[in-house]
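Accompanying notes for the structure given below.
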């Protein structure tokens, strides 16, 4: 590279000669058996100093970092060989440090081996516990679970909580919950009770909510909720939006706006209906919910 024309033009003959001198001394030091004289070694370092000065002077990007023009080579800063006594002492120190490191590494290797052994023991214990748990689970599942988990109470409490968080925190039994229907239901007496009715500020129903058990399909409540909506519409001259849920999935059915043939799955919870909003606040709450296949009322 030193003899490449573009490089020679770049650095100039003076600096190029210094670099070539360093190269020649280096080759001799590597390939010849004779020791490198002190004067040659210092001369090579001096030429390296000038070469690096040119490099810094040419390529430093910050003006404040440029080397001063009067900077000179200081031979006293070059490290000097140790005396035989100092060299022997240094070697003894290095050997002592090496022995210390070797002892520490050996201790660390022993500790690591012990930890790996412990990990293997723990892994065996863990596998044994997994087997015991799996056996206990299989045995327990073979026996019918007769515990009453009071699922209905938890489900009602969860729906009440969602409504309360949305501002429907004053749910009055007989009005907001278990609202009585005197006629029009598919029962022997024609009576029924709406699980939830969400009322507007004008005293008219915004939405009805039919709740089914968690283990049932929420859509099983669609037809029943529709009948409730029919009765409330006849009574208050407003068609409420219909929700039916099992606590895990909630469907919104605005049969007046969608012609009775569209449902939305996992729609926004009925808590999103606002008491001070018109009917569209409930229907619009599900605008981001994904469509499902057309779902007519279930019998």
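The values are calculated or read from the model by the stated rules, or taken from the named source; none is laboratory data. Note that the structure is predicted; figures quoted are calculated from it, not measured. Here the Cβ positions follow ideal geometry from the backbone for every residue, glycine too, while neighbour counts run over all protein chains shown.
The set of residues in the stretch 6-29 being farther than 24 Å from residue 72 by Cα and more than 57 Å from the chain's Cα centre (by Cα) consists of 27, 28, 29. Contact map, the stretch 67-84: first residue closer than 14 Å to residue 39 by Cα, second residue part of a loop (DSSP other than H, G, I, E, B), Cβ cut-off under 9 Å, separation 6 or more or different chains; the map is empty.
Cβ-Cβ contacts under 6 Å between residues 6 or more apart (or on different chains), taken from a first residue in the stretch 13-39 that is over 18 Å from residue 51 (Cα atoms) to a second residue that is in a loop (DSSP other than H, G, I, E, B) and at pLDDT below 90, are listed as 29/36. Does at least one position in the stretch 18-32 carry a residue that is closer than 28 Å to residue 81 by Cβ and not in a helix (DSSP H, G or I)? Yes: one or more hits.
Results for (1) at pLDDT 90 or above; (2) more than 29 Å from residue 210 (Cβ to Cβ), shown as yes or no for each residue.
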{"position": "85", "(1), (2)": "no, yes"}
{"position": "88", "(1), (2)": "no, yes"}
{"position": "134", "(1), (2)": "yes, yes"}
{"position": "156", "(1), (2)": "no, no"}
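None of 214, 234, 207 is closer than 25 Å to residue 148 by Cβ and either surrounded by 15 or more Cβ atoms within 10 Å (Cβ to Cβ) or at pLDDT 90 or above (or both) except 214.
When you scan the stretch 137-159, do you find a residue that is surrounded by 10 or more Cβ atoms within 10 Å (Cβ to Cβ), without any contact (Cβ under 8 Å) to a residue 40 or more places away in the chain and farther than 24 Å from residue 221 by Cβ, even just one? Yes, that holds for at least one residue.
Of all the residues in the stretch 73-106, those that are surrounded by 10 or more Cβ atoms within 10 Å (Cβ to Cβ) and assigned to a loop (DSSP other than H, G, I, E, B) number 3.
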